[in-house]
Amino acid sequence: MREHTIEVAAPEKWGEGLVAVDQGEPVVVDVRLESVHEGILATGEVDTRFTGVCSRCLRDIAEDLQVEFQELFAYPGEEETDFEVQDDHVDLETLVREALVLALPFQPVCQPDCPGLDPVTGERLADGAGPQQSQPLDPRWAALQDFTTTNDDESPRTRG
């Protein structure tokens with residue numbers, strides 16, 4: 001068994017969604033390599049940082065990302081495997097890249113309760129005092145503004 005700590009820069013941008021690990025971002029890999037009957041078992045943890053935009057308000061975000069992995073690098077043989085030992089070495093780049101990209105949030109947010117953007121003005125709701133609407137979005141719905149859900153049980157219903 002051998003343990004290693006490796007720090008490298010991401011060779012390219014990893015991720016294609018709203019967030020990604022940028023090229024050149026430091027990637028720290030703590031890995032334990034164990035010899036087993038079938039090959040070499042790589043177990044470890046990856047630490048890095050991703051950047052991008054909030055999926056609700058489009059504010060720039062940057063957060064740390066920590067991912068654990070475990071994979072068997074099989075000795076070359078008759079069976080085809082995803083990862084193989086080549087010349088008594090293992091190449092961790094593909095394994096680390098896949099683990100990081102799969103751990104990136106699909107819909108990242110700047111804060112858990114991010115209210116997003118105002119549908120009328122396009123301004124961030126978190127920056128303002130909230131939606132202040134003097135007239136309805138569609139004038140055909142103006143009569144419904146007088147109705148509230150708090151008075152439903154108290155007032156008698158009439159039919160017209």
Seminar exercise, completed: Note on the range 11-59: residues charged (D, E, K, R), out of contact with any Asp or Glu (no Cβ under 7 Å at 6 or more places or on another chain) and free of Cβ contacts under 8 Å to residues at least 12 places away in the same chain are GLU12, GLU16
Exercise. Among ASP88, ASP60, which is the only one that is loosely packed, with under 15 Cβ neighbours inside 10 Å, within 17 Å of the chain's Cα centre (by Cα), at pLDDT 75 or above and not basic (Lys, Arg)?
Worked result: ASP60
Seminar exercise, completed: Quick count over the range 69-123, residues being farther than 30 Å from VAL31 by Cβ and either touching a Pro at 6+ places or on another chain (Cβ under 8 Å) or of a type in the set (Phe, Trp, Tyr) (or both), is 2
Problem set entry | Evaluation of GLY116 against (1) modelled with pLDDT under 85; (2) at positive phi (one fails), failing number | (1)
For this session: Any chance you could count how many residues in the range 1-29 are surrounded by fewer than 15 Cβ atoms within 10 Å (Cβ to Cβ) and either in a strand (DSSP E or B) or touching a His at 6+ places or on another chain (Cβ under 7 Å) (or both)?
Result: 10
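The values are calculated or read from the model by the stated rules, or taken from the named source; none is laboratory data. All values derive from a computational prediction rather than experimental measurement. Neighbour counts are summed over all protein chains in view; Cβ atoms, including those assigned to glycine, are modelled from backbone coordinates with ideal geometry.
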